[in-house]
Amino acid sequence: MEKAEKKLKLSTNSNSTLLPISSLYTFILHTICGLGLALAYWVAHNVYSVSLVNDPTQTLRLIWVIEAPIVILLFSGFRQHPNQCSYIKAVGRGLLGLPAGAIVNALGAIALGAPVGIQHFSKTANWSILMSVFTIVPTASVFGSSWIEWRRIFAHAKPNGPIDLLICLPAHGAVIGAWFGAWPMPLDWERPWQEWPICVSFGAMAGYMVGIVASFSISLFQKHLKKE
Amino acid sequence: MQELSNISPSYDRLILMVVDGLPAEFVLGRDDRPAPEIFRKSMPYTQSLLDRGVATGYHAKAAPPTVTMPRLKAMVSGSVGGFLDVALNFNTQELLDDNLIGQFFKIGWKMVMLGDETWLKLFPRSFTRHDGVHSFFVKDTVQVDHNVSRHLDAELLMIDWKLLILHYLGLDHVGHTGGRNSVLMGPKLEEMDEVIKKIHRSMVQNKHGRTLLMLVSDHGMTENGNHGGASYEEADALMLLIGLRDYDRRPSTHKTVNQVDITPTLALLFGVPIPINSAGILIADTLKSLEAAQQLRALELNTWQLFRLLQAQLPDLSCSSSCGVDKDGPGNDIGECDGNTEEIFCCLYIKAADLHKAWKSCQVLGSNKVEDYRSTVLAYNDFLRTASEWLSRRATNKPVGLLAFGLTGMILSSLILLSLLYQLEQDVCMIKEDRTSHFSSRMHKWHMDEIFVMAIVCFLVLSMGSSSLIEEEQYIWHFMTSTLYFLLLRKAVQSISSVNTQDQGNFMERQIKRRFIQMSSIIFVLISGRILRGWHQGGVNWTNFPDISKWLESEGTAYIKPVQLVSLLLLTTSGFYALSFLRPSKRFVIVVGLSFLFPAILVLQYIINYQSSGVPASSNNATLLVQIIYATLGTTTFGIVVAVPWFMPVRNPKGCSSHHYNVLHVGIADSLYLIGLVYIICWGLLQLLLQQPINSAPILLLLVQILASMCSSSNSDPEPKQWVEVAVVYYLGMAGHFALGNTNTIATIDVAGAYMGVSSHSTVLSGILMFMITYAAPMLALLSMLINLSRRSKISLVNAQDVDLHFLLKTTLAYPCLVPLGLNSIFLVAYTTILLLMRNHLFVWSVFSPKYMYVCATTACIYIGVLIVASTVFYTYSTLGLRKMWIR
């Protein structure tokens, strides 16, 4: 955290092309992202009465179907260079980012040992689309194809401002959460949730939530510093 | 035999019924509580026998490892084995120690064995008739027992045998499949009860002689039905004597004896000598039908036998007349016997012997007293119990001092290695700061990959505490290595940005090209790593899942063979390609290349001619060819290694003056590169020959993976620290170890390959081959360190103006040697500690101990590899040093 704060301090001087936003707005933004996921999970549980453990494919699909529009519509509002790029275009970028990000995530997961096979296809596909919603889609909506920004967010993890934070931290949180979520898989506890991709999805969602909380508290802290 | 003249056999025939894995709790209950109702109801006949006092039950405590073979050995020879027993005998071999079966065979008994074929392996020639069943198909709970019972009726009518062994495996299989409370357990117990009923009925009707039925189990089982450890549930074996002649007619409380006590008891009941290594003591109750003199005689024999065993362990133990015993008070308690071990044993022994003597003389006089008899029995029992306890403790005792000493030594060596590494890192940093002072601020910043290399060590150490992560270790290595490569990929992406700031046409282009090579080779490593992971499922719990090797094998040799040939071809090609990087000395390279083309062709010939049918070829021609290949590979490697430093053309690097140092150091770097390549290519060719045909593609992938990894690090721009590079290759090697199908169980060692090209049986040769097959991947990684080393010496050459040998060795050789040693020492120390902490764990025999053997073997592998690397480097340096002197 300290590192991130230092980076933030340094970056406050750089002129941001993003819209300036108030702290209430930041709060709402973070809440919507977090609540969207919670709502999706609630709907899956109570409306369709499926859970990750007994039907991972269906649940994951439900979650991303609910979460993806929220994320795309929300982040398209904070697109870079809003004068040159229309809202619709930003939404289109987000929609394009969804399958592309899914492929990247799926390849990454497979390289790390996710099972390959026709019987796993739908699980992996839905999981990677959800991961794409967490990681790639917000960046695609906001930054489009700006290679420098992508690298700044993902390779260097140097976010400037609340929107960057909201893109960067939950994305990293989701990836790290999914990574840790894979740990129980080889254990011989014989629990149904040890199957791919159940515990990995749990880890990813938990990491995403932690990322949102962290991003919100850092942006508040940053505001507080600015005022001083 | 003469000693036994005083004891007449109490019985003529013995039926030994072994019910594999039956816990005594099922029949006798636990701690004065009766057996669970459900099990009591399943065995009505046995329970009625117990209630009437016809049968006498004992809890026969089994010593770990509670697996069948060592337990059978313990029952028939009375000796207490250790884990090494399992390790050294994973192929069950004939029991050569003195044992009951051997004794019975000697006195001419005809014996019949029906059941588990372990008996046949232990006693191959002893049985007149036998029907062995396999114990491999654990899912089969019905057929195994049917195969035993089908002969039972006929055998019970026969009168020729003296010993009938029935070994029922079904109950153990029920346990393995469903645990103690499996629904199949009741019916299985009923079946066993029926068998007991049948035998007992025939015993009662039979007039052929006095028959004793002994029902024993070799070990118990846990709640889940497993066994192997030392918990009460596993060690709680049963011993039930049915048909004792002088039984009490009242249900007795069930005593606890040791499983090894079965040996002397049976020996004395049937009038054969007690096996010499037996540590058991006679169960006195069983001899009650004998008259007093004979009972004392039996105790005396058991005492003599144990005393001799003690003498073998304690050479100082000799009870001559010097061991004074007060004659005044026969009937003293043990309290008077003290001193050191020898004195106590001596005192107890002499006391018992004197009492016996006194009793005998009284008997002659006719003034026999029950009291004297009792005190003699007590004295004998005191000696026997003390001696037996001491002997079994000695067999399984843990020499705490030695353990602590060993562990301290390991920790010390690990600390020394790590502190050396730390010191080295400091030194190298200092040197670099001196050379390039403007970089100094960057040097201390820790990169992600460096942190993660350390984190992997922590994760691995933590994972060693979990038995299932040890069983499935292949996942961890692959997961960690791949994550590390993802981090390296991220770092590569990071370094692109630094290029963009320097807009210099040509330079920029070169940078982009380097980045492209770096990233594509990392991606290649990732992809091939995933293929390697998918090649063998590995592990213990999910071995039956589909993987590439199973698929290829099911498709048959038509698929495997092309894969093998392509692997061989690509391996040779990639060898040539890597060689071609040594451009300036082209002619020299061609000579070297041609020299390993010859063994490659020989391997090709072997694959085409002899590996066509799935069975390993064992004809003379095949053996001869393999021997030729061994010889060619050996001489080629050795010849090249010896010759290269002498003949390597030394050249002027661009921009450097014709300074002798530098010229020769370039020569050193080139020779090391060449030697490293020759090592790994020859090792790869050897593995293509030795490994199972299915493993040829993984060998190729591993080799190319390591080369790609080197390529990526040589093209990365802030040079990764050398220790990171070395650690990455080490991890690749370990991940590859599991990718070749190895696991942490002994079962996956490829025994068939170990006899390739060995014309006569030689344990040493086969052992070396087995080691080479098992540790193919880590060894390959270690040998490839030479290439890394060569590149590093080139780099330090570019940076340095005047290099001395000391500096060059420090910056090049130190890391490739110290990092593997340091990493391995951490794992060794951590695992030794964990093993000591887990020594009472349920899986200590089945999971932790085999893994420890692998850890030790890995240590040996690392040391050998490092030794080869270090000696090669020293040889090269000294040779070129000599040449330098001549040039001057």
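The values are calculated or read from the model by the stated rules, or taken from the named source; none is laboratory data. As the structure is a computational prediction, the values presented were derived from the model and not from experiment. Every residue, glycine as well, gets a Cβ built from its backbone with ideal geometry; the counts of neighbours run over all protein chains shown.
Residues are listed down the side, and each one gets a yes or a no for (1) buried (at least 18 other Cβ atoms within 10 Å of the Cβ); (2) at pLDDT 85 or above; (3) within 14 Å of chain A (Cβ to nearest Cβ); (4) in contact with a His (Cβ under 7 Å, 6 or more places away or on another chain):
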{"site": "B:521", "(1), (2), (3), (4)": "yes, yes, no, no"}
{"site": "B:525", "(1), (2), (3), (4)": "yes, yes, yes, no"}
{"site": "B:532", "(1), (2), (3), (4)": "yes, yes, yes, no"}
{"site": "B:539", "(1), (2), (3), (4)": "yes, no, yes, no"}
{"site": "B:556", "(1), (2), (3), (4)": "no, no, no, no"}
{"site": "B:564", "(1), (2), (3), (4)": "yes, yes, no, no"}
{"site": "B:568", "(1), (2), (3), (4)": "yes, yes, no, no"}
{"site": "B:575", "(1), (2), (3), (4)": "yes, yes, no, no"}
{"site": "B:578", "(1), (2), (3), (4)": "yes, yes, no, no"}
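Scan the range B:285-343 for residues that are outside any helix (DSSP H, G or I), modelled with pLDDT under 60, within 47 Å of the chain's Cα centre (by Cα) and not charged (D, E, K, R) and jot them down.
Taking the range B:285-343 and keeping what is outside any helix (DSSP H, G or I), we get B:288-291, B:314-333, B:337-340.
Okay, now just the ones that are also modelled with pLDDT under 60, so B:320-333.
Right, trim to within 47 Å of the chain's Cα centre (by Cα) and you get B:320, B:323, B:333.
Once the filter is applied, which keeps residues that are outside any helix (DSSP H, G or I), modelled with pLDDT under 60, within 47 Å of the chain's Cα centre (by Cα) and not charged (D, E, K, R), the range B:285-343 yields B:320, B:323.
Give the residue that is farthest from the other protein chains (Cβ to nearest Cβ), with candidates limited to residues of the range A:194-228 that are in contact with a Pro (Cβ under 8 Å, 6 or more places away or on another chain) and of a type in the set (Phe, Trp, Tyr).
Filtering first and then ranking leaves A:208.
Please work out which residue is nearest to the other protein chains (Cβ to nearest Cβ), limiting yourself to the range A:139-190 and to residues that are acidic (Asp, Glu) and touching a helix residue (DSSP H, G or I) at 6+ places or on another chain (Cβ under 9 Å).
Start the filter on the range A:139-190 by keeping residues that are acidic (Asp, Glu), which leaves A:149, A:164, A:188, A:190.
Then keep just the ones that are touching a helix residue (DSSP H, G or I) at 6+ places or on another chain (Cβ under 9 Å); that gives A:149, A:164, A:188.
Details: A:149: 11, A:164: 16, A:188: 4 Å.
Applying the filter and picking the extreme gives A:188.
Scan the range A:104-113 residue by residue and report those that are more than 9 Å from chain B (Cβ to nearest Cβ) and of a type in the set (Gly, Ala, Ser).
Answer for the range A:104-113, where residues must be more than 9 Å from chain B (Cβ to nearest Cβ) and of a type in the set (Gly, Ala, Ser): A:106, A:109.
The conditions are (1) crowded, with 24+ Cβ neighbours inside 10 Å; (2) modelled with pLDDT under 90, and residue B:615 fails exactly one of them. Which is it?
Every listed condition holds for residue B:615 apart from (1).
Among the residues of the range A:114-129, is there at least one that is within 14 Å of another protein chain (Cβ to nearest Cβ) and under 19 Å from the mean Cα position of the chain (by Cα)? Even if it seems obvious, please write down each step before you answer.
Applying the first criterion (within 14 Å of another protein chain (Cβ to nearest Cβ)) to the range A:114-129 yields A:114-120, A:124.
Those still in the list that are under 19 Å from the mean Cα position of the chain (by Cα) too: A:124.
Scanning the range A:114-129, I find at least one residue that is within 14 Å of another protein chain (Cβ to nearest Cβ) and under 19 Å from the mean Cα position of the chain (by Cα), so the answer is yes.
Quick test for you: out of A:141, A:128, pick the one residue that is modelled with pLDDT of 90 or more, under 27 Å from residue B:477 (Cα atoms), crowded, with 21+ Cβ neighbours inside 10 Å and of a type in the set (Ser, Thr, Tyr). Before the answer, list the steps.
Working: A:141 fails: under 27 Å from residue B:477 (Cα atoms).
Answer to the check: A:128.
Taking the range B:430-449 as the region of interest, how many residues are modelled with pLDDT of 75 or more and surrounded by 13 or more Cβ atoms within 10 Å (Cβ to Cβ)?
Initially, the range B:430-449 is screened for residues modelled with pLDDT of 75 or more, giving B:430, B:446-449.
Okay, now just the ones that are also surrounded by 13 or more Cβ atoms within 10 Å (Cβ to Cβ), so B:447-449.
Of the residues in that region, 3 qualify.
Which ones in the range B:453-483 are more than 11 Å from chain A (Cβ to nearest Cβ) and within 29 Å of residue A:154 (Cβ to Cβ)?
The initial filter retains those residues of the range B:453-483 that are more than 11 Å from chain A (Cβ to nearest Cβ), namely B:453-458, B:460-461, B:464-465.
Within the range B:453-483, B:453, B:454, B:455, B:456, B:457, B:458, B:460 qualify.
When the residues of the range A:169-208 are filtered to those that are over 18 Å from residue A:38 (Cβ atoms) and touching a His at 6+ places or on another chain (Cβ under 9 Å), which remaining residue is surrounded by the fewest Cβ atoms within 10 Å (Cβ to Cβ)?
A:196
Within the range B:762-787, can you find the residues that are without any contact (Cβ under 8 Å) to a residue 40 or more places away in the chain and either charged (D, E, K, R) or farther than 21 Å from residue B:692 by Cβ (or both)? First the steps, then the outcome.
Here is the first cut: in the range B:762-787, the ones without any contact (Cβ under 8 Å) to a residue 40 or more places away in the chain are B:762-768, B:770.
Selection gives B:762, B:763, B:764.
Regarding residue B:209, is this residue closer than 28 Å to residue B:155 by Cβ and assigned to a loop (DSSP other than H, G, I, E, B)? So that I can check it myself, show each step before the final result.
Values: closer than 28 Å to residue B:155 by Cβ: yes; assigned to a loop (DSSP other than H, G, I, E, B): yes.
For residue B:209, the condition - closer than 28 Å to residue B:155 by Cβ and assigned to a loop (DSSP other than H, G, I, E, B) - is met.
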